[in-house]
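Peer 1: Sharing a structure below in structure tokens format, with a few things to ask.
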Amino acid sequence: MSSDTLHHTDHGLATHHPQGGWQRWLYATNHKDIGTLYLWFAFVMFITGGVMALGIRAELFQPGLQYWQPEFFNQLTTLHGIIMVFGAIMPAFTGLANWMLPLMIGAPDMAFARMNNWSFWLLPPAAALLIISLFVPGGAAGGGWTLYPPLSIQSGMGMDLAIFSIHLLGLSSIMGSINIITTVLNMRAPGMTLLKMPLFAWTSLVTAYLLIAVAPVLAGAVTMLLTDRHFDTHFFKAAGGGDPVLFQHIFWFFGHPEVYIMALPAFGIVSQIIPVFSRKPLFGYVSMVYATCSIAILSFMVWGHHMFAVGMPATAQLFFMFLTMLIAVPTGVKVFNWIATMWQGSLTFETPMLFAIGFVCLFTVGGFSGLILSIAPVDTQMHDTYYVVAHFHYVLVAGALFSLFAAVYYWLPKWTGYMYHEGRGKFHFWWSMIWFNVTFFPMHFLGLAGMPRRIPDYALQFTDFNAIASVGAFCFGLGQIFFFFNVIHTIRGGVGPAPSSPWEGGNTLEWEVPSPAPHHTWETPPDLATVQRGLRAQAVE
Amino acid sequence: MTSLAQRNQKMAIKLAVIALLMFGFGYALSPLYVAFCKALGIDQAQASITQSSAALRLEFDTNVASGVAATIQALDTVQMAQAGGIVKTRFLLANTSDQPLKLRAIPSFAPVRAAGLLQKLECFCFDELVLQANERREVTVVLLVADQLPAEMGAATLSYSLQAVAQ
């Protein structure tokens, strides 16, 4: 079958026009509509989780108990973590994949349009369960986002709601992943072999595989938790012969790959943006692909580094320590390739590039603090201190979130048809960059000085750095409201219409369609010449 | 040649099967974990009490419910029980208030299956206890140990929590 017929016969839906009003969104099957839904949902969750973070920082502004009871403080930290990971970062990346993958690989839509609608609409009820849990007797889950037993076995019905919510979120992720893998593997334009795909497609593909492998393991772990709570099973209940440490093993078998589920798509985005604004093809495309796969494989073998403090035999500690350090190798390959891409390029510093460079610098800081934590004897000292909080916020805020901001500014002209206000974009970047560091850098010192995480009150000597971090957090939060108005301003016309390819160095296929991208694109797949032209971004034509 | 829709469907089914297998793998980690711990000899609770396969290490734990002005202390916190033997252990109770107290001790076991191996012949937890103001009293528990002790159970904890009895 020629690829031409292939695209037409298998996409009956493509002839549909969007319905009006709420029906367009409720019954959405178009990848762009669903991508938009995902992105807005992620933004709402980002603000919700962010407000919770500000609640945490307000309490920690000075020692003593100011605003919250310790139980509620624990609920805030727990919900902040779960909402940011499962409600904001992951759906945002799925949203980007939905919006951009078909455009970038020359497919008319995602492989399973109706399942795509389901994957999204499972998210709002899941989020509602989490929010409702704040108002049930006993309050929301308060055992941290890791849900460690025995606390999670003993706590109230808020934990059950969190478990059901995680089930729904996991189901949504698995369905989204099936869609991404099938689309990338089966629906690429003719001439686009696997090793010629844009790197964002590669990282989305590998991330989707990771999710299919580990999301069900988390679902199993929380199901066991649920049956331990209500059906007298004893997987983790010590009184019945179960072992709470087993939960930690199962959780981190999911949890560590999860870290890369949030990092790999960011790597993909940055790998798209840096070559464009350096006006050079990506340096070492193939090594980037191999590095992505290596990171994914290694991520399954290092979960034990989250558990150095549980009393592991020295051999096991060494095993997990060396493998963890090994991940720095492919990650280093990526960082050096980005730097080499910029090296002697004709760089310009529009907002997406600023966020991408910010990502590379700060993610590297987060990577180094991770390397320090990977050393078992050091980890024993740092375990559950603010050093760890600083480390993972450098990876997840300066990593995942900054890459998402970069992506939004990069593709906003394609989504809306209008150019955003460059000055405002740059202001958003610098504001976020400065206040992010004011918030999280002092946490390294707090951790090194021994301040434990997840506490509502602290010893007097930690006051100054906590006050600085709290001021930073509120300013950082304020900047995100500015981002919202920036996006709204662009949607309403921005600084004028955007051309189909607003960036000088943009080569990939999405820049071949008009801005805003029409409701249906690539009903006829791009011809070989167009695909070849798009490959310049990777220098693999 | 199969159509794209068929190929997509086939792939979706394969991926869904992988997801289901991984869900099962999560559960399989439970027995695998026990097997690994045994095989690698890192079951520390077991290692410390393997002098005799017929011996069971008994640990005694005590608690007082909040707001009860009393203390309880196990005088022998750890004892080794031999199969078929009798274990006698003592606790010291004290009323720390200036009022008489009516108390009851609530017993519990961990792991729960140890309850079947240890039969209480005598226990201060059988009865309500009345302690006069500032009175201290020694009480006992006598346990009959089962004839057969399973090899895999190395240790058991017996816990007693003092609760106030409504006057």
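Peer 1: Just by accessible area at a 1.4 angstrom probe, what is the order of A:D527, B:D98, A:D109, A:D384 from largest to smallest?
Peer 2: Highest to lowest solvent-accessible surface, that is B:D98, A:D527, A:D384, A:D109.
Peer 1: Using a 1.4 Å probe and ignoring any ligands, DNA or RNA, find the accessible area of A:R279 and quote it in Å² to the nearest 10.
Peer 2: For A:R279, solvent-accessible area is about 80 Å².
Peer 1: I would also like to ask the following. Would you look at the GNM of chain B, springs on alpha carbons closer than 10 Å, and say which of B:I13, B:I72, B:I106 moves the most?
Peer 2: B:I13
Peer 1: Once you keep just the Cα pairs under 8 angstrom separated by 6 or more residues, what percentage relative contact order results for the range A:111-157?
Peer 2: 30 percent.
Peer 1: Next question, about the same structure. Provide, as a two-decimal number, the C-alpha radius of gyration of the range B:68-108 over 2.2 N^0.38 Å, N being how many residues it has.
Peer 2: 1.55
Peer 1: Using the scaling law 2.2 N^0.38 Å as the reference, what is the normalised Cα Rg of the range A:400-475?
Peer 2: 1.50
Peer 1: Something else about it: Rounded to whole Å and ordered largest first, report the semi-axes of the equivalent ellipsoid of the range A:287-348 derived from its Cα gyration tensor (root of 5λ).
Peer 2: Semi-axes from the Cα gyration tensor: 33, 11, 8 Å.
Peer 1: For a test of the definition: using alpha carbon positions, the gyration tensor, and the 1.5 limit on a/c, classify the range A:25-182 as rounded, prolate or oblate.
Peer 2: The shape class here is prolate.
Peer 1: What is the distance in Å between the Cα centres of the range A:215-239 and the range A:354-404?
Peer 2: Each part's Cα centre sits 31 Å from the other's.
Peer 1: Sequence-distant or interchain residues sharing an amide H contact under 5 Å with B:D61, placed H: which?
Peer 2: B:L158, B:S159, B:Y160
Peer 1: How big is the Kirkwood radius of the range A:164-300, worked out from every pair of different alpha carbons and given in Å to one decimal?
Peer 2: Its Kirkwood hydrodynamic radius stands at 16.8 Å.
Peer 1: Helix B:4-39 sits at what angle to the longest principal axis of chain B, using alpha carbons and giving 0 to 90 degrees rounded to 10?
Peer 2: That helix lies at roughly 30 degrees to the long axis.
Peer 1: Can you tell me the alpha carbon radius of gyration of the protein assembly as shown divided by the globular rule-of-thumb value 2.2 N^0.38 Å?
Peer 2: In units of the 2.2 N^0.38 Å rule of thumb, it is 1.10.
Peer 1: Note the angle between two axes, namely the Cα long axis of helix A:422-448 and the longest principal axis of the Cα atoms of chain A, as a number of degrees from 0 to 90, rounded to the nearest 10.
Peer 2: In chain A, helix A:422-448 runs at an angle near 30 degrees to the longest axis.
Peer 1: Can you give me the pair-distance distribution of chain B, C-alpha pairs, 10 Å bins, whole percents?
Peer 2: 9, 27, 21, 16, 11, 7, 6, 3, 1, 0
Peer 1: Now, a different point. Please list the equivalent ellipsoid semi-axes of the range A:384-535, computed as the square roots of five times the alpha-carbon gyration tensor eigenvalues, in descending order and whole angstrom.
Peer 2: 42, 18, 11
Peer 1: Could you work out the mean count of beta carbons from other protein chains within 10 Å of each residue's beta carbon in B:26-38?
Peer 2: Neighbouring Cβ atoms belonging to other protein chains average 5 per residue here.
Peer 1: Now for a different question. How high is the relative contact order of chain A, in percent, counting Cα pairs under 8 Å that sit 6 or more residues apart?
Peer 2: Dividing the mean separation by the residue count of chain A yields 19 percent.
Peer 1: Then there's this: Over 10 Å intervals from 0, what percent of Cα-Cα pairs in the range A:90-217 sits in each interval?
Peer 2: Pair shares across the bins are 13, 36, 26, 16, 8, 1.
Peer 1: Can you list the HN-Hα couplings for the range A:178-185, worked out from phi with the Karplus curve (6.51, -1.76, 1.60; θ = phi - 60°), rounded to whole Hz and with x for Gly and Pro?
Peer 2: 4, 4, 5, 4, 5, 4, 5, 7
Peer 1: Ranked from highest to lowest mean number of other Cβ atoms within 10 Å per residue, what is the order of the peptides A:479-487, B:62-70, A:465-473?
Peer 2: A:465-473, A:479-487, B:62-70
Peer 1: Note down, for the range A:238-395, the three equivalent ellipsoid semi-axes (square root of 5 times each alpha carbon gyration tensor eigenvalue), biggest first, whole angstrom.
Peer 2: Each semi-axis is √(5λ); the values are 34, 15, 13 Å.
Peer 1: What are the radius of gyration and Dmax of the range A:434-485, computed over its Cα atoms and given in Å?
Peer 2: 12.4, 40
Peer 1: If you don't mind, there's one more thing I want to ask. Please report the projected area of the range A:446-517's Cα convex hull averaged over all directions, in nm².
Peer 2: Its average projected convex-hull area is 8.8 nm².
Peer 1: May I ask which of B:K88/B:K120; A:K196/A:K280; A:K32/A:K414; A:K334/A:K414; A:K280/A:K334 have a Cα-Cα span longer than 19 Å here?
Peer 2: A:K334/A:K414
Peer 1: Which whole-Hz ³J(HN,Hα) couplings does the range A:470-483 yield from phi under the Karplus relation 6.51 cos²θ - 1.76 cosθ + 1.60, θ = phi - 60°, glycine and proline marked x?
Peer 2: Per-residue couplings from phi come out as 5, 4, x, 5, 5, 5, 4, x, 4, x, 6, 5, 4, 4 Hz.
Peer 1: Next up: If I ignore ligands, DNA and RNA and count only protein heavy atoms, how much of A:R454 is accessible to a 1.4 Å probe, in Å² to the nearest 10?
Peer 2: We get 80 Å² for A:R454.
Peer 1: So what's the angle, to the nearest 10 degrees on a 0 to 90 scale, between helix A:70-82 and the longest Cα principal axis of chain A?
Peer 2: Its long axis makes an angle of about 30 degrees.
Peer 1: Taking Cα centroids, how far is the range A:123-144 from the range B:75-129 in Å?
Peer 2: So the two Cα centres are separated by 41 Å.
Peer 1: In whole Hz and in residue order, list the ³J(HN,Hα) couplings for the range A:232-237 that follow from phi through the Karplus curve 6.51 cos²θ - 1.76 cosθ + 1.60, θ = phi - 60°; x for Gly and Pro.
Peer 2: 6, 7, 10, 5, 10, 7
Peer 1: Within a Cβ distance under 13 Å of B:L144, other residues only, what is the Lys/Arg minus Asp/Glu net charge?
Peer 2: 0
The values are calculated or read from the model by the stated rules, or taken from the named source; none is laboratory data. Fair warning: this is a prediction, and the values are worked out from it, not measured in the lab. In this analysis, Cβ positions are derived from the backbone assuming ideal geometry, glycine residues included, and neighbour counts consider all displayed protein chains. With ligands, DNA and RNA removed, areas are computed over all heavy atoms of the protein, side chains included. Shrake-Rupley method; radii C 1.70, N 1.55, O 1.52, S 1.80 Å.
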